[in-house]
Every structure is written in structure tokens, then in C-alpha cells.
Amino acid sequence: MSASTLVLAAIRERVAALHAAVEPGSDDVSTPEGVSAPEGDDPPSDFGADGGSSVTVPAAEDETPDDEPVLDTGDADGPDVERLAEALADLEAVVTGFAPLIEGGELPALRAELAWARSTVEEARALDGTVEVLEELLEDLDPTLRQGPVEARVGIVVAARTSERRDAVTAMLVQPEWTSLLAHADQLVLTAPISGRKPKRTVRVLARALADADAAAREAAGAAVVEGQSPDRAGAQLSPIATAAHTVATTARVSRPVLGKQARKLADAAAALAGTVEERRRSESVTHWLVDLADLAHRAGEPSFTYGVLHAEAEARRAAADEALGLAVTAYSRSKLHQWLADAS
């Protein structure tokens, strides 16, 4: 099996997932018509078992419990922001992680368009995450403190901001840049300009790509978590960590059929790092929201005590997220997790 076989399959899967995320009725994530795998390299029977290489991916189902309290977020119609965000992030991670293997002039345009699309979709996704944390804080609050004007105001603000962000995503999907993004992604699959076709060099080629992605992630993590740096300053640099860690996790999972359990361990550590970054970002965002809500309530002559209680809880949650992030960075920085890459590449 060659590196080009693995990489092309991963790209094909994620381009199909991107189409399925925005095309109604496209629950079956399959290879676009006219696209076939390169001849000569048949993947092993467990190809894709680690979530990084199969050509068909089952559609994600809504697993929200019926009895879970949910704030009114406005019109439920429109694009599935979570699904679209995941599809964009996964495709960007693959083309970034394996960029050294992708030939031709289409890649820079595609990466620029992916960055453009993600800037809009991630805002909507981040907002959904913030609302989830706010819901959790409200659920744990004494009902007498959240009922009345507090619950009403939170619902109004959440609905307005959610509607605004989802409208921005809907508008993005009709822009010429979005059409161009899909065209460049399809072209990448159709032309398959992937190097690394020699099976004898598969391990070295994949290890080198993963090592480059890993180095970028460690650099981003090291820049954000510096001794004596305040949480607010660190928060400004969280996005590069999340992006770089997701790239490592995706690249490692795609490469696992060749690189083995060491790649799986690296993928797990990178995914854990990305998860702690997301929790840190959400907890910080909620603290800012609660300050705004308290100000709106005060100007409207409403009691703001509840927002102060919620803010204290959010600050405690952010402190815990800071500690978890530090531990995740430390865990990811262990030399044992990375030293095998130098030998393999």
C-alpha cells in the first residue's frame, strides 16, 4: 500500500462528507461520481477502522436526549452548523497535514477558501458551544434565581445571536467563493495529484508528514502556555493550538494503518489537547456573555444578582479549564510520544 492511496482515500472521504453536509438528502457519504481509487494498491481489510481512511462514512445522528433543557435558539431550519464545521475542519486538516504530498496549483486556493469558510462557520459553532455551557450553568442554578426576567432575557439574547450567526452561514453558502471551494475540492479528488506512490517509501513519507504537523502543534502549544502568562493572553492564542492539534490527530489517524499504535497514541493525545482548548474557549466566552447580560439587565432595571452568581461559576469553570489545558500541553509535550517519528522519518 502506498502513501498516495491512503491520502487520496482520506481526501475523497472528506470531500464527500463536505457535499453531504450542505446538500439535502445526502446522508450517504460516498465517492463523487466518476472518481475511482488509484489502481495497484488495495487497502487492507481494516482500512478506515480508525476513522481516517474509509471512503464511506455513516451520517451522524442527533443524539440530544428528549428531556434535555434547551434554550430557544430561534429558527431550527438552515444548515447543520456542527456537521458543516466538522466537514470543513476535517478536510482542512487532511490537506494541511499532507500538503507536502499534494502536487499542482489547486492546493493554495483550496486552503485559502477553507480558511475563509471556517471563519464564518466556526463563529456559529463556537456560539452553539457557548450556549451549551450557559445551559449547563442555568440548569444547576436554583430555579428561583433563573426564572422570570433572567430566563426571558437569556432566551431573547441567545435566539437573536444564534439567528444572526446561522444567517451568516446560510449567506456564505450562496457566495461564489463557496462554489469555488467545492470545485477545487472536487478537482483535487478527480485529478489526484498525490505523490508517494512507491510502497517501499510509505512509512517514511507518512512519518515525515506527521512529524511536520506534530512540530507545528508543539510550537503552537508552547507559544500559548508560557510560565507567568495570564489566562486572557493565553486565550488569544488558543485557536492555533486547536487547529494544529486537530491536524495532527487527523493526519495520525489516516496514517495509522501504516504507522501503527504509536500513531494512534499521538492522535489520542492531540485530540485530547484540542478538546481541552475547546473547553477553555467556551468557558471564557461564557464569562464575557454574562458580563454583557448583566449590563443589559441593569440598564433595563432588572435585578442582576443572578448573573453575578453565574459569572462566579463560569470563572471557576474557566480556572479548571486552564488547569486541564496546562496538563494536556504537558502530556502532549512528552518526548516519548514523539521520538519514534524521528526514527521513522
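The values are calculated or read from the model by the stated rules, or taken from the named source; none is laboratory data. Quick caveat, the model's predicted, so the values are computed rather than measured. Because the Cβ atoms are built from the backbone with ideal geometry, glycine has one as well, and the counts that use them run over all protein chains shown. Quick note on the areas: whole protein, heavy atoms, side chains included, nothing else; ligands and nucleic acids left out. Shrake-Rupley method; radii C 1.70, N 1.55, O 1.52, S 1.80 Å.
Laid out as a table, the results:
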| quantity | calculated |
| --- | --- |
| Matching residues in the stretch 277-291 - criterion: being open to solvent by less than 10 Å² (accessible area, probe 1.4 Å) and within 12 Å of the chain's Cα centre (by Cα) | 277 |
| Residue count for the stretch 90-116, restricted to those that are open to solvent by 10 Å² or more (accessible area, probe 1.4 Å) and assigned to a helix (DSSP H, G or I) | 15 |
| From 274, 314, residue being of a type outside the set (S, T, N, Q), in contact (Cβ under 8 Å) with a residue 40 or more places away in the chain and crowded, with 17+ Cβ neighbours inside 10 Å | 314 |
| Matching residues in the stretch 293-305 - criterion: being free of Cβ contacts under 8 Å to residues at least 12 places away in the same chain and surrounded by 12 or more Cβ atoms within 10 Å (Cβ to Cβ) | 295, 298, 304 |
| Residue 132, sole failed condition from (1) open to solvent by less than 60 Å² (accessible area, probe 1.4 Å); (2) more than 25 Å from residue 207 (Cα to Cα) | (1) |
| Failed criterion for residue 181 (all others in (1) assigned to a helix (DSSP H, G or I); (2) free of Cβ contacts under 8 Å to residues at least 60 places away in the same chain hold) | (2) |
| Matching option when the condition is more than 26 Å from residue 145 (Cβ to Cβ), free of Cβ contacts under 8 Å to residues at least 24 places away in the same chain and open to solvent by 20 Å² or more (accessible area, probe 1.4 Å), among 260, 308 | 260 |
| Any hit, the stretch 330-338, residues being free of Cβ contacts under 8 Å to residues at least 40 places away in the same chain, surrounded by 14 or more Cβ atoms within 10 Å (Cβ to Cβ) and assigned to a helix (DSSP H, G or I) | no |
| Which numbered condition residue 181 fails, given (1) at pLDDT below 95; (2) open to solvent by less than 40 Å² (accessible area, probe 1.4 Å); (3) within 21 Å of the chain's Cα centre (by Cα) | (1) |
| Close pairs from the stretch 130-156: first under 15 Å from residue 302 (Cα atoms), partner among the basic types (Lys, Arg) and open to solvent by less than 60 Å² (accessible area, probe 1.4 Å), Cβ under 9 Å, at least 6 apart | 154/146 |
| Test: residue in the stretch 187-199 that is part of a helix (DSSP H, G or I), aliphatic (A, V, I, L, M) and free of Cβ contacts under 8 Å to residues at least 40 places away in the same chain | no |
| Sole exception among (1) within 27 Å of residue 157 (Cα to Cα); (2) buried (at least 22 other Cβ atoms within 10 Å of the Cβ) for residue 241, by number | (1) |
